[in-house]
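Contents: one structure, followed by commentary.
The values are calculated or read from the model by the stated rules, or taken from the named source; none is laboratory data. What you see is a predicted model, and the numbers here were worked out from it, not measured in a lab. Here the Cβ is made from the backbone with ideal geometry for all residues, glycine too, and neighbour counts use every protein chain on show.
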Amino acid sequence: MGNSFKIGRAFDIDVKVHWTFFLLLLFFGFLAYQQTGEAVAALITSGIILALFFCVLLHEYGHSLMAQRLGIEIQDITLLPIGGLARMKSMPERPMDEVKIAIAGPVVNVVLAPMFFGVALLLGGSLSGGVNLISGVDSFGQFFAYLALINVILAVFNLIPAFPMDGGRVLRGLLAARVGPIRATDIAAAVGQAAAVGFFLVGLLVNPLLALVAVFIFFGASGEAQMVRQRETMRGLNVRDVMGTKRRTETVTPWHTFGQVLDAVIHGYQEDFPVLDDEGKLVGLITRQEIMAAAHSPERFMNVRDLMKTDFPTISPDADLFTEGNKMMQESGIRAIPVVENGELAGMLTYEDIGQANLLNDIRKQQSQSRYGR
């Protein structure tokens, strides 16, 4: 996730913090200092928030370790002002695997709550004492009592069936076993968005942070529903099925002039060009971004060699279209990726090619139904 930096690593998982998290610490620390006039109060308040987010981190590790146990690699865990996010490199294929991963986070909080409450009792704390983030706590016992209460809240709140929260993922996993992943996601997303509207209205009256969480839930549900549809659309397809072959791909050499490339863009359908040397070896990529930039000052660029990218991704024609092709395109920000087979250019994979996956799957279904009908 952009604008985040690594603070540690455990269980082969990087832990990152988004820079806006520190704005949260500064904000509450400032409020505590403003109310009490004491720097110690600001430090205590910041310490409470750090302890709270440590519980959030353990919650995310619950998800992550369960995912690892099921064979899913975790990219990283990022702490944000509104909570934590564990990023998986692939989505669970089996519905019950998603249920197990989703439920593992709240289970961590369920385990932590009585542990913290036990420590609180030993130190003379009580849940009835209450805690104010601004004024802080009166004792270590009260501090641990607050952490116990926070973990109860985290467990209960995350189990609300508001997709993409944990409870929503449990709902989707249970539904997917009956109605399939796309229909299950649509239902869970609709429930999640309805809940988000309720959270937003309550947040406007009670807590602006809840309203912000509601916005993330609403758009997160929509975004993930779209991703599931893409995954199902591309299921069983590889890059070779949709890519533009070398015969259909126009190439340029490092010695082509900018004017020649611009003319090819204007009079053709292609906007991104693989660059091949005299021996036919792929040595660069010139994209629409470089072409448009050069169009405003063509005198600065005499030929393709001065424009082309030399550091760019390539992909195999046998790569999975969704888990490798679609993901690589999104992460690289490039609209077209050269497809390389046995060290030679085999074609190009573009956004338009990926968009044809749905049509290709429809054709395959029709052919299958036709064969079955005969």
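For the reader, a short list of remarks on this structure follows.
- For region 254-267, the criterion of being hydrophobic (A, V, I, L, M, F, W, C), more than 34 Å from the chain's Cα centre (by Cα) and exposed (fewer than 13 other Cβ atoms within 10 Å of the Cβ) is satisfied by at least one residue.
- Just one of the listed residues (Leu58, Leu24) is over 30 Å from Asp97 (Cβ atoms) and either touching a Leu at 6+ places or on another chain (Cβ under 8 Å) or among the aliphatic types (A, V, I, L, M) (or both), and it is Leu24.
- When Ile7 is tested against (1) of a type in the set (A, V, I, L, M, F, W, C); (2) assigned to a helix (DSSP H, G or I); (3) out of contact with any helix residue (DSSP H, G or I) (no Cβ under 9 Å at 6 or more places or on another chain), exactly one condition is not met: (2).
- Residue check for Leu79: within 30 Å of Gly173 (Cβ to Cβ), modelled with pLDDT of 85 or more and not in a loop (DSSP other than H, G, I, E, B): yes
- Unique match (being over 19 Å from the mean Cα position of the chain (by Cα), surrounded by fewer than 21 Cβ atoms within 10 Å (Cβ to Cβ), touching a residue at least 24 places away in the same chain (Cβ under 8 Å) and in a helix (DSSP H, G or I)) among Leu209, Leu204: Leu209
- Residue within region 51-59 that is of a type outside the set (Gly, Ala, Ser), within 15 Å of the chain's Cα centre (by Cα) and either closer than 16 Å to Leu154 by Cβ or in a strand (DSSP E or B) (or both) present: no
- Within region 241-251, restricting attention to residues that are surrounded by fewer than 14 Cβ atoms within 10 Å (Cβ to Cβ) and in a helix (DSSP H, G or I), the residue that is modelled with the lowest pLDDT is Arg247.
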